[in-house]
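Written below as structure tokens is the structure these notes are about.
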Amino acid sequence: MITIAFAGGGTGGHIYPGLTIIASLKKIFPCRVFWIGADTGMDRAIVEEAGIEFRGIPAGKLRRYFSLKNFVDIFKVLAGFFAARTILSREKPALLFSKGGFVSVPPCVAASTLKIPVFTHESDFSPGLATRINLRFAEKIFTAFRETAGLLPPAARSRAVYTGNPIRPEFRAACAKSGRAFLGIGEEDPVLLVLGGSLGARQINDLVRECLPRLTGRFVVVHQTGPGAAWDIPAAGRYKPYPFIHSDLPHVIAAAALVLCRSGAGTIWECASLGKPMILVPLAGSGTRGDQVENARYLEKKGAALVLSGDVKAEDIVTAVERISEDDGARKKMSAAALEFAALDAGRLIAEAIAAHPGLSKRGPS
């Protein structure tokens, strides 16, 4: 049986899209798949829960700025390269697919030294540092945004393929009725869903805390606070906080009339796939390369979101919520724009490209 290797991790946004591609790939032809990820952190738990073999390697962070940690992490990167090369030499995959993140770089470099074809995918509008390194070894670079190809080095643009971002199938099949049953609310209750990502977002949490009475006057406010959030407002009436919403999240998003969230690629695609108007508060500042701001502005330009950036105040949140909730026509246009934005089935498109690689057909079943 043909073996395919996947690499990436560090966040769910680098893992869940890869798992979606794997599910599509296994529908096309029987294959064995294993995942190379960080030997610490969340990678192993998410991958193994999906029933995929996992191989852990040391992972050092790649930074664009000066830090003393760079001197330590360069040794982790080197150790990751040798560990990945050992794994790939032993497992002999026909192809390596990289979903990104710092941990994906050593496997991509190692695969190139072993003449193993490499494919990679970039979820954000502009390519991150890991992608910029990995594309040097990749035969194909799949992009979530059509315009991303123009931001690649000229020599790499001919290898770029626009596919959108892989979205888990449970989002395509989400049911608003099931979401309302989970929340214990009726059909007549409009839902404002607040998402700060799986780890929460302190800025969004604090803003919601400040204007909560005004928000609950219009909506049932469903708030994923993050499991580590210090949150002292109990669930009451039209306010429903959750540290983390697990398997019911797709249904809860389907039940929402409006979503207030960050603009990480995974979050915006999942919400857009269900046609949800969004108020986006992108993560910005010195701790980020600005990818969320770029993602958010693109979605706003397409008409699917309203972006709040800079020194955002609670009053800005209330004004944005009122502006969208009071204009049915604008809300419908935002919903249609969101659905159009997320229309491509990226998981299937990428899986078909993997399956069509000449190296796989030459091997055939074994």
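Every residue, every condition in (1) surrounded by fewer than 23 Cβ atoms within 10 Å (Cβ to Cβ); (2) at pLDDT below 90; (3) of a type outside the set (G, A, S), yes or no:
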position	(1), (2), (3)
L199	yes, yes, yes
C211	yes, no, yes
T216	yes, no, yes
G226	yes, yes, no
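So that you can scan it fast, the table gives a plain yes or no per residue for (1) in contact with a Cys (Cβ under 9 Å, 6 or more places away or on another chain); (2) β-branched (V, I, T):
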{"residue": "V109", "(1), (2)": "no, yes"}
{"residue": "L114", "(1), (2)": "no, no"}
{"residue": "E122", "(1), (2)": "no, no"}
{"residue": "F125", "(1), (2)": "no, no"}
{"residue": "T131", "(1), (2)": "no, yes"}
{"residue": "N134", "(1), (2)": "yes, no"}
{"residue": "I141", "(1), (2)": "no, yes"}
{"residue": "E147", "(1), (2)": "no, no"}
{"residue": "L151", "(1), (2)": "no, no"}
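Comparison of F97, F171, F125, F137 shows that the only residue that is assigned to a strand (DSSP E or B) and crowded, with 17+ Cβ neighbours inside 10 Å is F97.
Can we say I268 is under 25 Å from A174 (Cα atoms), aliphatic (A, V, I, L, M) and in contact (Cβ under 8 Å) with a residue 40 or more places away in the chain? When the stated conditions are applied, I268 does not pass them. Within region 260-314, the residues that satisfy the criterion of being among the acidic types (D, E), in contact with a Pro (Cβ under 9 Å, 6 or more places away or on another chain) and at pLDDT 95 or above are E270, E294. Across region 140-160, the qualifying residues are those that are in contact with a Lys or Arg (Cβ under 6 Å, 6 or more places away or on another chain) and not basic (K, R), and the one among them that is surrounded by the fewest Cβ atoms within 10 Å (Cβ to Cβ) is A149. Between D206, D189, the distinction of being over 18 Å from the mean Cα position of the chain (by Cα) and assigned to a helix (DSSP H, G or I) belongs to D206 only. Residues in region 313-329 that are surrounded by fewer than 16 Cβ atoms within 10 Å (Cβ to Cβ) and over 20 Å from S273 (Cα atoms): K313, E315, T319, E322, R323, E326, D327. Restricted to region 255-361, the set of helices (runs of 4 or more DSSP H) holding at least 2 residues that are under 29 Å from A181 (Cβ atoms) comprises 265-273, 314-325, 328-341. Is it the case that some residue within region 228-248 is closer than 22 Å to S123 by Cβ, of a type in the set (K, R) and surrounded by fewer than 22 Cβ atoms within 10 Å (Cβ to Cβ)? No: region 228-248 contains no residue that is closer than 22 Å to S123 by Cβ, of a type in the set (K, R) and surrounded by fewer than 22 Cβ atoms within 10 Å (Cβ to Cβ).
The values are calculated or read from the model by the stated rules, or taken from the named source; none is laboratory data. As the structure is a computational prediction, the values presented were derived from the model and not from experiment. Please note: Cβ atoms are built from the backbone with ideal geometry, for glycine as well, and neighbour counts cover all protein chains shown.
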